2 protein chains.
Amino acid sequence: MVPHLITALNGPINELEQRILESMPAIERWFRLEWMEHTPPFYTSVDVRNAGFKLAPVDTNLFPGGWNNLTEEMLPLAVQAAMAAIEKICPEAKNLLLIPEKHTRNTFYLQNVQRLVQIFTAAGLNVRLGTLDETITAPTQLELPDGGSLTLEPLLRTKRRLGLKDFDPCTILLNNDLSAGLPKVLENLHEQYLLPPLHAGWAVRRKSNHFQSYEEVAKKFAKLLGMDPWLINPMFAKCGKVNFQDGTGQECVQSHADALLGKIRRKYKEYGIQEKPFVIVKADAGTYGMGIMTVRDAKDLDELNRRAQARQNDQMLALTRHMRGMTIAITVLTVINAVLVGVTIWLTGR
Amino acid sequence: MVPHLITALNGPINELEQRILESMPAIERWFRLEWMEHTPPFYTSVDVRNAGFKLAPVDTNLFPGGWNNLTEEMLPLAVQAAMAAIEKICPEAKNLLLIPEKHTRNTFYLQNVQRLVQIFTAAGLNVRLGTLDETITAPTQLELPDGGSLTLEPLLRTKRRLGLKDFDPCTILLNNDLSAGLPKVLENLHEQYLLPPLHAGWAVRRKSNHFQSYEEVAKKFAKLLGMDPWLINPMFAKCGKVNFQDGTGQECVQSHADALLGKIRRKYKEYGIQEKPFVIVKADAGTYGMGIMTVRDAKDLDELNRRAQARQNDQMLALTRHMRGMTIAITVLTVINAVLVGVTIWLTGR
């Protein structure tokens with residue numbers, strides 16, 4: 001039932017795969033027991049990278065797009081999971097208000113929204129779309145490549161509830177990651193279920209917290225299987241405010257990158273891996289791969305800094321603009337030559 | 001996600017199907033709310049008959065066989081449902097003891113057991129098979145058509161627990177309908193989960209109770225959809241002890257059959273159905289279609305009675321032996337010319 005990840009790369013992961021397959025009953029039980037103690041997110045997608053010698057998640061999306069990538073065969077499973085999730089969280093639900101991203105002219109994204117509508121309709125809900133885009137003041141139809149369409153409607157906020165014209169939902173599903181901040185219209189909705197909760201948005205959430213929690217989980221899981229957690233865990237470090245333009249906080253990025261590259265080199269030596277390590281520098285909040293850079297040597301950062309200060313490179317400038325004053329998380333994705341092997345989508349009904 | 005039932009017969013059911021499809025969100029919500037109030041069985045299969053003008057369940061199995069009939073595509077759904085069911089009922093489960101029917105040389109039945117093992121293994125449990133057959137005193141391997149095999153092991157009963165050699169299960173799953181009575185070895189197991197509970201077995205369960213409960217559910221459901229419950233509900237009546245050999249209780253069967261045939265005729269007239277009604281007489285407990293007879297006219301019962309008393313017909317004798325002294329439920333399956341359109345299997349995780 002686990003999606004089969006296709007990759008051209010092979011290596012120790014094969015041994016690991018074998019161990020995981022053999023331990024399946026123990027692993028499933030472990031999950032069941034963890035779900036008893038922790039509430040999983042309503043829906044999630046995880047970007048997983050496979051270096052052949054290591055396979056790790058590099059990004060967890062709490063407002064997952066990409067549902068359009070589900071195959072037909074996966075659809076019944078998604079519906080079943082949606083039913084279980086609704087039954088657990090809001091069994092009396094009848095109307096679902098889905099709030100997508102604002103930049104909804106992207107065809108793939110629209111197909112993603114269409115698929116979500118399809119899944120939750122099949123799970124037994126009346127689904128309508130409300131937009132945070134205040135320029136949309138009347139129902140607006142968006143055409144889809146398959147000939148279908150989606151209707152975006154303006155939100156109607158009353159003192160205690162959020163809805164649409166003639167549509168009072170008991171549940172609001174966000175497919176908007178709130179990178180732009182917490183919209184006022186979503187605040188103080190205590191009568192309705194808001195999924196995921198507002199603190200799952202990038203206005204509050206931090207990648208560094210996520211990687212720290214994931215590290216703990218990876219350690220527990222690795223202990224269960226008797227394996228090195230490094231094989232499934234990306235190393236990381238965190239700096240505070242960084243501004244590449246005036247150089248604020250840059251020493252921190254440089255020293256952390258340096259230390260991490262050293263740690264990876266030792267791990268590569270331990271496993272006899274003949275690759276050049278790299279680290280990825282990303283903002284601690286935000287999405288869509290914006291402002292991400294790859295560092296193979298801490299000196300690369302000097303270069304970046306010089307260029308940013310000289311403002312000679314438009315692209316880099318955009319990058320530094322995005323990063324200016326942001327907290328930086330360095331994620332060490334020891335996945336050289338890695339291809340993105342798949343975006344695994346979970347709709348966790350448990 | 002609902003299995004698609006294929007039938008050569010068409011009629012008012014098409015209108016009904018359309019109404020059901022349109023009401024899907026309302027129906028799903030109705031189910032969710034019902035599941036909040038009622039605990040569904042751990043697993044079930046339902047025999048559904050389609051007369052074209054009427055579609056109704058005629059038998060609900062609480063110890064369903066036939067899992068071997070699941071298509072490959074349905075398997076992931078079964079595993080997901082099994083996971084949800086385990087998570088709800090016994091999340092800490094690790095070992096599952098599966099107790100199949102005794103007459104386990106039937107190849108189809110063995111494949112059914114194999115499929116159950118497969119589903120619950122994939123759901124994360126260690127599964128082993130224990131038999132109620134006391135002649136099996138050592139692990140016994142049964143070969144399967146696909147080259148695989150199943151190992152039946154003798155049960156080990158201690159004062160408080162049931163298990164196998166070196167296998168202490170927290171959960172015991174019965175795939176044996178207990179038609180032969182309640183085995184002592186299954187009594188007083190208060191430390192382990194026994195699924196389904198013993199009172200689901202034919203030693204306790206009665207078809208007439210089931211049809212009565214189903215009738216109530218069908219009425220509620222029909223009200224939700226604004227339809228005649230008769231379209232999904234088999235009429236029924238119940239007699240007490242009946243013995244066809246000495247004639248005890250036969251007047252009851254005759255008068256009930258007569259009354260029911262009359263009721264059906266009125267319904268057929270109402271719907272303009274040009275068919276000859278019939279009733280099915282079955283024992284109130286038990287399974288496998290044993291001792292079932294079709295009655296198109298109450299006078300048929302006289303004939304049966306005469307023949308039983310004359311003991312002229314071996315087959316009929318076997319029938320009457322089975323029926324002697326049993327409570328009879330008359331189920332009126334107004335499904336003339338009906339084919340069995342499908343055995344719908346539910347593994348209800350909710």
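Take the residues in the range A:70-89 that are more than 9 Å from every other protein chain (Cβ to nearest Cβ) and over 22 Å from the mean Cα position of the chain (by Cα), then tell me which one is farthest from A:LEU116 (Cα to Cα). Per the stated criteria, the residue is A:LYS88.
Please verify whether B:LEU96 is within 14 Å of another protein chain (Cβ to nearest Cβ) and under 25 Å from the mean Cα position of the chain (by Cα), treating the condition exactly as stated. Yes.
Evaluation of A:ARG105 against the conditions (1) farther than 24 Å from A:THR39 by Cα; (2) assigned to a helix (DSSP H, G or I); (3) more than 9 Å from chain B (Cβ to nearest Cβ) shows that the sole unmet condition is (2). Considered as a group, the residues in the range A:108-135 that are away from every other protein chain (no Cβ under 14 Å) and of a type in the set (Ser, Thr, Tyr) include one that is nearest to A:CYS170 (Cα to Cα), and that residue is A:THR131. Residues in the range A:64-97 that are surrounded by 21 or more Cβ atoms within 10 Å (Cβ to Cβ) and assigned to a strand (DSSP E or B): A:LEU96, A:LEU97. Output the helices (runs of 4 or more DSSP H) that fall wholly within the range B:224-335 and possess 1 or more residues being of a type in the set (A, V, I, L, M, F, W, C) and at pLDDT below 70, or say none. Helices (runs of 4 or more DSSP H) meeting the threshold: B:299-310, B:314-323.
Among the conditions (1) surrounded by fewer than 20 Cβ atoms within 10 Å (Cβ to Cβ); (2) at pLDDT 85 or above; (3) more than 17 Å from A:LYS220 (Cα to Cα), A:GLU17 misses just one, which is (2).
Please list, ordered by residue number, the strands (runs of 3 or more DSSP E) wholly in the range B:121-189 having 2 or more residues that are within 27 Å of the chain's Cα centre (by Cα) and under 15 Å from B:PRO100 (Cα atoms). Break it down into steps so the answer makes sense when it comes.
Values: elements: B:126-131, B:140-143, B:149-154, B:171-175.
Qualifying strands (runs of 3 or more DSSP E): B:126-131, B:149-154, B:171-175.
Whether any residue in the range B:54-63 is away from chain A (no Cβ under 14 Å), out of contact with any strand residue (DSSP E or B) (no Cβ under 7 Å at 6 or more places or on another chain) and surrounded by 22 or more Cβ atoms within 10 Å (Cβ to Cβ) is what I want to check.
In the first step, residues of the range B:54-63 are kept if they are away from chain A (no Cβ under 14 Å); the result is B:54-63.
Okay, now just the ones that are also out of contact with any strand residue (DSSP E or B) (no Cβ under 7 Å at 6 or more places or on another chain), so B:54.
Among the residues that remain, those that are also surrounded by 22 or more Cβ atoms within 10 Å (Cβ to Cβ) are: B:54.
Yes, that holds for at least one residue.
I'm checking my understanding of the structure. Among residues of the range B:147-169 that are among the acidic types (Asp, Glu) and touching a residue at least 24 places away in the same chain (Cβ under 8 Å), which one is nearest to B:THR107 (Cα to Cα)? Write out each step before concluding.
If we filter the range B:147-169 for residues that are among the acidic types (Asp, Glu), which is where we start, we get B:153, B:166, B:168.
Next, only the ones that are touching a residue at least 24 places away in the same chain (Cβ under 8 Å) stay: B:153, B:168.
Values: B:GLU153: 18, B:ASP168: 28 Å.
Only one residue tops the list, namely B:GLU153.
Consider B:ALA82 against the criteria (1) farther than 30 Å from B:LYS267 by Cα; (2) out of contact with any Phe, Trp or Tyr (no Cβ under 7 Å at 6 or more places or on another chain); (3) not β-branched (Val, Ile, Thr): it satisfies all of them except one. Which criterion is unmet? For B:ALA82, the failing item is (2).
The values are calculated or read from the model by the stated rules, or taken from the named source; none is laboratory data. Everything quoted here is computed from the prediction, not taken from an experiment. Heads up, the Cβs are rebuilt from the backbone with ideal geometry, glycines too, and the neighbour counts pull from every protein chain shown.
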